[in-house]
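Read through the structure below, which is laid out as structure tokens, and then see the notes.
The values are calculated or read from the model by the stated rules, or taken from the named source; none is laboratory data. Keep in mind that this is a model prediction, so the values were computed, not measured. Note that each Cβ is placed from the backbone with ideal geometry, even for glycine, and that neighbours are counted across all protein chains shown. Accessible surface areas use protein heavy atoms only, side chains included; no ligands, DNA or RNA. Shrake-Rupley method; radii C 1.70, N 1.55, O 1.52, S 1.80 Å.
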Amino acid sequence: MNNIQFIGESLFAGQLGYFLTLLSLVASLVATFAFAKSFYTKEITVANQWKKLARIAFYIETVAVISCFVVLFYIITNHLFEYKYAYMHSDKNMPFEYLLSCFWEGQEGSFLLWSFWHCILGLFVMARVKERESGVMMVLSFVQFCLATMVIGIYIFDYKIGSSPFILLRQEMNWPILSRPDYLQLVKDGTGLNTLLQNYWMVIHPPVLFLGFASTTIPFGFVVAGLLKKDHDWAEACSPWAAFSAGILGLGIMMGAAWAYESLNFGGYWAWDPVENASLVPWLTLVAAIHTSIIYKRTGTSLKASYLFYGLSFLLVIYSTFLTRSGVLGDTSVHAFTDLGMNGQLLSFLLIFVIPYFILFFIRYNTMKEPVKDDVVDSREFWMLVGSLVLLLSAIVITSITSIPVFNKLFGTKIAPPEDILFAHNQVQVFVAIIIGVLTAVGQFLKFKATPKAQFYKQIKWPVIITIILSAICITFIGILFKEKGAGFLAALYVALVTSLFSIVANSYYLVSIIKGKMKSAGASIAHIGFGLMLLGILISASNKTVLSWNTTGFSPLQVEKDNKTPIGNPMENITLIEGIDTDMGKYMVTYLRDTFDTFENRHFELKFKAKKTDEVFFLYPDVMKNNKMEGFSANPAAKHYLHKDIFSYVTSFQDNNEEDTTRFTPNQIAIGDSIFYSNGYIKLNKVVVNPKSERPEGTNELALELIVTSKEGIEYVANPSIIIKEMTMESVLDTIKAQNLILSFNKVIDQKKGTLEIGVKEAKTLSKLITIKVYEFPFINILWLGIIVMTIGFFIATWARVKKLKK
């Protein structure tokens with residue numbers, strides 16, 4: 001094949017991309033070595049020379065990574081399907097914004113995105129971090145080197161290192177057509193982007209999340225450098241980077257929740273999916289590290305805990321990389337990457353940091369001197385440490401459950417994951433929420449080392465009173481409807497509701513009354529308010545999520561067709577709609593109006609909702625998308641957003657009326673008051689009406705029947721087939737009962753004296769289009785989204801305040 005001259009291939013882009021990945025690999029290795037020499041060299045002049053060389057290497061690396069990014073994006077946007085990455089992740093009909101999503105759909109692109117953010121952060125570190133630059137950049141450059149090995153795609157003997165995004169399709173696939181010189185004439189289009197990722201959140205969520213992942217390297221660099229030189233005075237310099245990292249990582253995680261809410265059909269924003277958990281756990285330990293480092297700065301204690309938590313934050317990011325990219329979660333996660341055959345390399349990537357870090361940590365353990373002091377229960381540092389340990393416990397529980405597939409694979413066990421995965425996590429995390437809610441409320445009013453009791457009671461009095469009042473109002477008028485797991489869990493939910501309100505009220509009071517709104521000290525309080533709002537929004541919206549689509553029609557939900565993989569779940573939570581028929585759905589009358597296709601092979605369903613009490617009318621447009629990566633369709637939800645609730649709907653199944661109908665009319669004799677049977681009920685002739693319409697063509701007469709159709713479910717329908725008589729001609733006018741797939745005709749009068757008539761009955765196979773939908777109501781979900789915004793603002797204010805403090 002190598003001797004064949006292939007027609008139309010654009011090889012320069014791939015060759016340039018290969019060169020840039022190798023350049024990045026070499027430059028990162030040189031930067032690591034040079035920064036290490038600068039870090040260890042005691043003579044300042046020589047150290048600066050090594051630092052200068054290291055900076056040059058890092059600049060080259062940055063240019064190489066950014067250029068790789070540009071070259072790969074050029075390949076995707078120009079639809080160069082001779083490259084496997086473009087073929088597997090894009091197609092010609094893709095809107096431009098989704099072409100960005102194509103970049104990070106694959107593993108190789110996501111590793112490049114991670115490296116890109118490391119480069120940007122490294123430039124800021126070199127500009128802002130003075131005396132600790134070499135140590136931090138040594139670690140960051142080594143991480144860059146490890147990431148570079150993931151995208152070089154070269155063989156050393158029989159072992160492949162990395163997977164290149166610039167490899168040609170014919171080099172990876174053994175399709176017969178790829179041996180033809182003109183194979184590009186036959187490769188008309190790519191397979192496209194996964195339908196679930198065709199959402200605007202997936203344009204912005206991955207870059208923000210990977211910025212969060214990359215940012216954890218900076219605090220890790222500070223602590224590694226501190227351990228290597230036994231220099232433990234790094235907490236102040238590290239604090240703005242840690243606050244920024246926690247803010248951006250938390251924002252990235254919750255952007256993923258927003259994507260899940262809009263794109264996935266499990267009916268919510270968080271499902272304790274393993275990939276969700278893998279990103280949440282590092283954030284929990286990072287928040288714990290921020291608090292223990294504050295304790296260390298103020299009291300000199302909790303140094304060991306700070307080293308442990310900052311180290312764990314980065315190492316858990318690497319562990320999440322292993323989990324999501326090794327394929328080990330393929331059967332338990334909706335959005336894990338597939339196995340590219342790099343499991344050994346990914347495991348090495350994890351162990352090359354985990355093992356040396358903990359060896360170094362224990363070697364230096366005795367050098368971490370902390371003042372010997374008794375724990376003072378009424379001190380801020382005591383409860384901050386308790387809160388940090390609770391966050392660690394939460395992280396351990398989440399990691400343990402998430403890692404069951406890893407444990408089974410490593411040790412050959414067959415441990416089954418919890419049958420109810422949601423409750424397995426929630427029954428633990430609700431108590432974490434209670435404790436953290438109380439601590440974020442009370443902690444602000446405590447002093448370091450000791451707190452005068454009179455002052456504490458005076459300051460906390462009003463927040464407690466206001467919380468009691470608000471809790472009473474909230475419990476009385478909103479409450480918690482979730483009672484499936486017993487009285488104990490319900491009580492815990494109510495306590496969590498109160499403590500989240502306590503956190504919001506206490507921190508708001510502290511912000512206004514104690515620190516008088518001073519921004520330099522407001523970051524923590526604002527972040528705590530946001531956290532409390534987030535907890536409150538989760539508790540109310542998740543616990544009070546209401547199914548609106550209870551099956552009240554008597555129709556069984558459509559069976560999931562072979563081309564529709566959306567799960568129905570509990571059949572009674574799904575309601576089947578017939579096109580054009582108003583259907584009673586509890587609070588609403590809902591009508592399936594029509595459906596349309598677009599260029600994406602989406603099928604949009606137009607649903608009309610009319611509130612019974614207020615007559616308000618709104619429309620929802622849930623859709624299903626044809627899976628381009630596998631067989632079947634994926635459902636995309638649609639929601640009506642209110643200030644105080646969301647009405648959330650998705651299609652669980654649908655049925656066309658495209659089948660050829662070969663059924664015929666069956667003639668039946670019937671008299672007034674008599675009934676005849678059909679397969680799903682009976683038809684009664686109620687009366688015959690002469691000229692029922694006041695307006696009709698001149699010279700015509702109409703004889704109409706009033707037929708009452710009663711289904712087995714007891715639902716009645718009225719049909720009015722008729723005969724129009726004009727001079728010597730008669731024309732039969734059919735009537736249909738779509739809900740019963742019935743077509744009825746008035747054929748003739750058999751005996752006028754006896755009132756005997758003949759009607760035709762046709763039971764069509766697919767007279768109407770049908771869809772089955774599921775509809776939820778999420779009350780007060782906007783409190784959750786508001787909490788995320790407020791908490792992120794709080795972290796960024798804390799970052800800004802700490803940067804200003806360092807400048808001084």
Sorted peptide list for 9-18, 355-364, criterion being average Cβ within 10 angstrom, highest first: 9-18, 355-364
Arg132 accessible area, assembled protein chains, probe 1.4 Å, Å²: 40 Å²
Label-to-label distance, nm, for residues given as Ala472 and Thr614 (7 Å Cα→Cβ offset): 2.9 nm
5 angstrom amide H check on Asp91, placed H, neighbours 5+ away: Gly192, Leu193
Residue-level accessible surface for Tyr457, protein heavy atoms, 1.4 Å, Å²: 140 Å²
Lysines whose Cα lies under 19 Å from that of Lys42, excluding same-chain neighbours fewer than 8 positions away: Lys51, Lys52, Lys130, Lys229, Lys230
Accessible area of Glu579 in the full protein assembly, 1.4 Å probe (Å², nearest 10): 40 Å²
Listed peptides 97-108, 441-452 by packing density, highest first (mean Cβ within 10 Å): 97-108, 441-452
Cα centroid separation, the range 448-502 to the range 747-797 (Å): 40 Å
Which of Lys458, Lys610 is most accessible, then next, and so on - probe 1.4 Å: Lys458, Lys610
Probe 1.4 Å, protein heavy atoms only - accessible area per residue of the range 674-726 in square angstrom: 58 Å²
Alpha-carbon centroid distance for the pair the range 367-385 / the range 97-114, whole angstrom: 45 Å
Glu763, Glu131, ranked by accessible area, largest first (probe 1.4 Å): Glu131, Glu763
Length-normalised contact order for the chain - Cα pairs under 8 Å, 6+ apart - percent: 11 percent
Relative contact order of the range 363-471, pairs being alpha-carbon contacts under 8 Å that are 6 or more residues apart, as %: 41 percent
Residue (of Ala34, Asn93, Ile248) at the positive-pole extreme of the chain, dipole from beta-carbon charges: Ala34
For the chain, calculated [θ]222 nm from helices alone, where every DSSP H run of n ≥ 4 adds -39500 (n - 2.57): -17000 deg cm²/dmol
Where N is the number of residues in the range 156-240, Cα Rg divided by 2.2 N^0.38 Å: 1.92
Cα shape, the range 158-203, gyration tensor, a/c 1.5 rule: oblate
Within the range 397-468: Cβ-based charge dipole about Cα centre, in debye rounded to nearest 20 (Lys, Arg +1; Asp, Glu -1): 540 debye
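Rounded, prolate or oblate: which fits the chain when a ≥ b ≥ c are the square roots of the eigenvalues of the alpha-carbon gyration tensor, with rounded for a/c under 1.5 and prolate only if a/b beats b/c?
It comes out oblate by the Cα gyration axes.
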Cα-centre dipole for the chain with unit charges at Cβ (Lys and Arg positive, Asp and Glu negative), debye to 20: 4020 debye
Cross-link pairs beyond the 22 Å C-alpha cut-off, checked among Lys485/Lys545; Lys545/Lys612; Lys297/Lys449; Lys613/Lys693: Lys613/Lys693
Extension gain (nm, one decimal) between Glu97 and Glu131, 0.36 nm per residue minus Cα-Cα: 8.1 nm
Cα gyration tensor category, rounded, prolate or oblate, for the range 678-807 with a/c compared to 1.5: prolate
Among Ala739, Trp175, Val46 the positive-end extreme of the charge dipole of the chain (Cβ point charges): Val46
Residue-wise HN-Hα coupling along the range 174-181, computed from phi with Karplus coefficients 6.51, -1.76, 1.60 (Hz; x: Gly, Pro): 10, 5, x, 5, 6, 8, 7, x
For peptides 145-158, 115-128, 679-692, sequence by mean Cβ density within 10 Å, most packed first: 115-128, 145-158, 679-692
Long-range amide H partners of Lys748 with built H, under 5 Å: Glu758
Centroid-to-centroid separation of the range 215-239 and the range 418-433 [C-alpha atoms, Å]: 34 Å
Accessible-area order (highest first, 1.4 angstrom probe) of the listed residues Val377, Val143: Val377, Val143
Cα-based radius of gyration of the range 69-114 once divided by 2.2 N^0.38 Å, which approximates compact folds: 0.99
